[in-house]
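To keep things clear, I will list the structure first and then write my remarks on it.
The values are calculated or read from the model by the stated rules, or taken from the named source; none is laboratory data. Model, not experiment: these values are computed from the prediction. In this analysis, Cβ positions are derived from the backbone assuming ideal geometry, glycine residues included, and neighbour counts consider all displayed protein chains.
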Amino acid sequence: MKTKEIVPRLTPEDIPVIHHENLDRVTAESLVAAGVRVVVNAACSSTGLYPNLGPLILARGGVYLLDGVGSKVFERIKTGEEIEVRGDAVYLGGRLVAAGEHLDVGKAESAIRESRERVGAALESFARNTVEFMRLERDILFSSLEIPDELAGEIRDRQVLVVVRGYDYRQDLQALGPYIRGMRPFIIGVDGGADAVLEAGWRPHLVFGDMDSVSERALRAADRVLVHGYPGGPAPGMERVKRAGIEEAEVLAAPGLSEDIAIMLAEQCGAELIVAVGTHVGLVEFLDKGRKGASSTFLTRLKVGSLLVDAKGVSKLYPARVSSGQLAALVMAGLVALSAVVYASEPIAEIFRLLAIKLRLVLGI
């Protein structure tokens, strides 16, 4: 089971035992948000291939990360059993079942520094793979997607918001609140991005993707579900959708990442503007996703052009406005100051007393 599939089920009392090589930032932030205090990783949380931030985020979030305990740990413990983590070891019923290394803040920072010195090789390999796969996926520029006519009609001439569960998606989605309320865009949740939409207080019009990280709640909340399938092959996500009781889902077969196909879907349907939240555009983000190249993303942006507005980092560009609590405190402070002035000034106090008497006469009280 993938790490992102177990995170929604976690409570602060749980100790997740995962197998996640090069722990990524989004997963680490989700684990911290779940409130877990200990994480056991059977794989290496940072191989040094690139500077992944997951281990550092866990360490700074107060999570005890026991790293590299080996995959045999899954043979020795079962889901629901009570385990104990002491030092660099895992115990079940007082018996040692696995051992690894505790990654604290110092070790996590050291791993990032070392990987940054070697990131050039990863960048070169990434660029080479991107060019190589572009030959296979170049049809993205010229092909047409087989989109249901009804869906195309719903999107035509509307602004479209495409939400992916990527870096800073929560903050950026929150910052876009006034835009969503004002423009009422057609909202596409890409896999777990549909859950992000629900968490922000909105409802996705369409859930699209391979369905490996979206919840059944989000699937049921959407107006429509479209499963991303392999060109000329199966759509594994359809089985998940059927289990959720969604019978009217359809398949859209296309090469490339689901988030890229969602953007092209909006473009082909005649969207007025496409706003993307949480999409992956940087080297570290792609490597975090386990992608060895960015061919479909490059080709998608080349095709869509200025129609696409990437909202990544918008929350940093436009800091949060004054909260209602802060505004209430400001009003109270003003009232206290006004009361002090009235109390200290006898003429002003007399005016207020006369106004109060007149108000009682008018109201008959």
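Structural remarks
- Selection status of GLY94, in the same structural domain as ALA108 (by TED's automatic domain parsing) and at pLDDT below 95: yes
- For segment 215-305, the helices (runs of 4 or more DSSP H) that sit wholly inside it and include 2 or more residues that are among the hydroxyl-bearing types (Ser, Thr, Tyr) and surrounded by 16 or more Cβ atoms within 10 Å (Cβ to Cβ) are 295-304.
Results for (1) of a type outside the set (D, E, K, R); (2) not in a loop (DSSP other than H, G, I, E, B), shown as yes or no for each residue.
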site: GLU81; (1), (2): no, no
site: LYS107; (1), (2): no, yes
site: ALA127; (1), (2): yes, yes
site: THR130; (1), (2): yes, yes
site: ARG138; (1), (2): no, yes
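- Taking segment 199-212 as the range and being surrounded by fewer than 24 Cβ atoms within 10 Å (Cβ to Cβ) and within 15 Å of GLY278 (Cα to Cα) as the test, the residues that pass are GLU199, ALA200.
- Among (1) in a strand (DSSP E or B); (2) outside the structural domain of THR297 (by TED's automatic domain parsing), the one test that ILE112 misses: (1)
- Only residues that are modelled with pLDDT of 90 or more and either aliphatic (A, V, I, L, M) or under 22 Å from ALA152 (Cβ atoms) (or both) were counted across segment 221-248, and they come to 13.
This table checks each residue for (1) within 25 Å of the chain's Cα centre (by Cα); (2) modelled with pLDDT of 95 or more.
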{"site": "PRO51", "(1), (2)": "yes, no"}
{"site": "VAL63", "(1), (2)": "yes, yes"}
{"site": "GLY70", "(1), (2)": "no, yes"}
{"site": "VAL85", "(1), (2)": "no, yes"}
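- Residues of segment 45-95 that are basic (Lys, Arg) and under 16 Å from GLU29 (Cα atoms): ARG60 alone.
- Matching residues, segment 144-185, being part of a loop (DSSP other than H, G, I, E, B), exposed (fewer than 14 other Cβ atoms within 10 Å of the Cβ) and of a type outside the set (Lys, Arg): SER144, GLU146, PRO148, ASP157
- Residue satisfying all of: in segment 24-41; in contact (Cβ under 8 Å) with a residue 40 or more places away in the chain and buried (at least 20 other Cβ atoms within 10 Å of the Cβ); farthest from GLU75 (Cα to Cα) among these: VAL26
- Criterion: crowded, with 20+ Cβ neighbours inside 10 Å, touching a residue at least 12 places away in the same chain (Cβ under 8 Å) and of a type in the set (Gly, Ala, Ser) - qualifying residue of ALA99, ALA108: ALA108
- So VAL275, is it closer than 16 Å to HIS205 by Cβ, assigned by TED's automatic domain parsing to the domain that holds ARG156 and within 17 Å of the chain's Cα centre (by Cα): yes
- Any hit, segment 45-61, residues being out of contact with any helix residue (DSSP H, G or I) (no Cβ under 7 Å at 6 or more places or on another chain), part of a loop (DSSP other than H, G, I, E, B), more than 21 Å from LEU10 (Cβ to Cβ) and of a type in the set (Gly, Ala, Ser): no
- Filter pass, MET238 being touching a strand residue (DSSP E or B) at 6+ places or on another chain (Cβ under 7 Å), closer than 30 Å to THR47 by Cβ and in contact (Cβ under 8 Å) with a residue 12 or more places away in the chain: no
Residue by residue, here is whether (1) out of contact with any His (no Cβ under 8 Å at 6 or more places or on another chain); (2) within 28 Å of VAL214 (Cβ to Cβ); (3) not assigned by TED's automatic domain parsing to the domain that holds GLY282 holds:
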{"residue": "VAL40", "(1), (2), (3)": "yes, yes, yes"}
{"residue": "LEU53", "(1), (2), (3)": "yes, yes, yes"}
{"residue": "LEU65", "(1), (2), (3)": "no, yes, yes"}
{"residue": "GLY80", "(1), (2), (3)": "yes, yes, yes"}
{"residue": "VAL105", "(1), (2), (3)": "yes, no, yes"}
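- Any hit, segment 30-42, residues being in a loop (DSSP other than H, G, I, E, B), of a type outside the set (Phe, Trp, Tyr) and at pLDDT below 90: no
- Against the test of being among the aliphatic types (A, V, I, L, M), crowded, with 17+ Cβ neighbours inside 10 Å and over 30 Å from GLU248 (Cβ atoms), the options ALA122, ALA127 yield a single qualifying residue, ALA122.
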